[in-house]
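Here is the structure we will look at.
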Amino acid sequence: MDSCLFCKIIQRAIPADIVYEDNATLAFKDIRPQAPHHYLIIPKAHLKSLNDISADNRAGVAQLLEVAARVASEQGIAETGYRCVVNNGRHAGQEVDHLHLHLLAGRPLTWPPG
Ligand code: AMP
Ligand code: ZN
């Protein structure tokens, strides 16, 4: 998608601090971190949100969680703990319409979120 911010990051048209990449997934640091560790994990396929999951792409969506665990381990936050969040749609605060998993860690996180 030409106009999509995260597709541009995948294409390297916009810089990002990338921490992991494979054939289907990219993980990079959030530009406005809400915790000492804050990464975004995205499928390379442009899905707007969880509403776009189908039999054709569910493997790539499941891979987001696998990559989250891997990034957590590589960044040294697997044992202290981390939170994975998807803001899905307007009421959840989704600002970028390319499915992304937030990975937050590095401090005690309160519950429930706002
Ligand atoms: P959401 O509100 O769930 O759609 O989250 C979008 C996230 O993207 C926010 O946490 C932003 O800080 C982050 N973000 C926006 N632009 C960039 C960018 N160029 N590089 C990295 N993260 C970004
Ligand atoms: Zn996109």
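The values are calculated or read from the model by the stated rules, or taken from the named source; none is laboratory data. Not measured: the values here are computed from a predicted model. Glycine also receives a Cβ, built like all others from the backbone with ideal geometry; neighbour counts cover every protein chain displayed. Please note that ligands, DNA and RNA were not included when accessible areas were found on the heavy atoms of the full protein model with its side chains. Shrake-Rupley method; radii C 1.70, N 1.55, O 1.52, S 1.80 Å.
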(request) Using only Cα atoms, locate the centre of the range 1-80 and the centre of the range 100-114, then give the distance between them in Å, rounded to an integer. (result) 16 Å
(request) Would you please classify the overall shape of the range 5-105 from the alpha carbon gyration tensor, given that a ≥ b ≥ c denote the square roots of the eigenvalues, rounded means a/c under 1.5, and beyond that prolate means a/b larger than b/c while oblate covers the rest? (result) rounded
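Determine the relative contact order of the chain: mean sequence separation of Cα pairs under 8 Å and six or more apart, normalised by residue count, in whole percent.
Relative CO of the chain lands at 29 percent.
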(request) Please arrange Thr80, Thr25, Thr110 by accessible surface area, largest first, computed with a 1.4 Å probe and ligands excluded. (result) Thr80, Thr110, Thr25
(message) On C-alpha positions alone, give me the angle between the axis of helix 58-74 and the longest principal axis of the chain, in degrees, nearest 10.
(response) 30 degrees
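So between Asp52 and Glu66, what do we pick up on full extension, going 0.36 nm a residue minus the alpha carbon distance? Before the final figure, lay out each step's value.
Numbers: separation 14, 0.36 × 14 = 5.04 nm, distance 1.92 nm.
The Asp52-Glu66 span can extend by a further 3.1 nm.
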(message) So if I place +1 on the C-beta of Lys and Arg and -1 on the C-beta of Asp and Glu, and nothing else carries charge, what would the dipole magnitude of the range 1-43 be about its Cα centre? I want it in debye, nearest 20.
(response) 140 debye
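Please sort by residue number the trypsin sites (Lys or Arg not before Pro) in the range 9-114 whose DSSP state is loop and whose Cβ has at most 11 other Cβ atoms within 10 Å.
Details: sites: Arg12, Lys29, Lys44, Lys48, Arg58, Arg70, Arg83, Arg90; in loops: Arg12, Lys44, Lys48.
In loop regions of the range 9-114 (DSSP not H, G, I, E or B), the sparsely surrounded trypsin sites (Lys or Arg not before Pro) are Arg12.
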(request) Return the distance in nm (one decimal) between the two label points of a simple spin-label model at Lys8 and Ser73, each offset 7 Å from Cα along Cα→Cβ. (result) 3.5 nm
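Where does the charge balance sit around Lys48 when Lys and Arg score +1, Asp and Glu -1, over other residues with C-beta under 14 Å from its C-beta? Intermediate results must be reported in sequence, preceding the final value.
On the way: positive: Arg90; negative: Asp52, Glu95, Asp97.
Value of the local net charge: -2.
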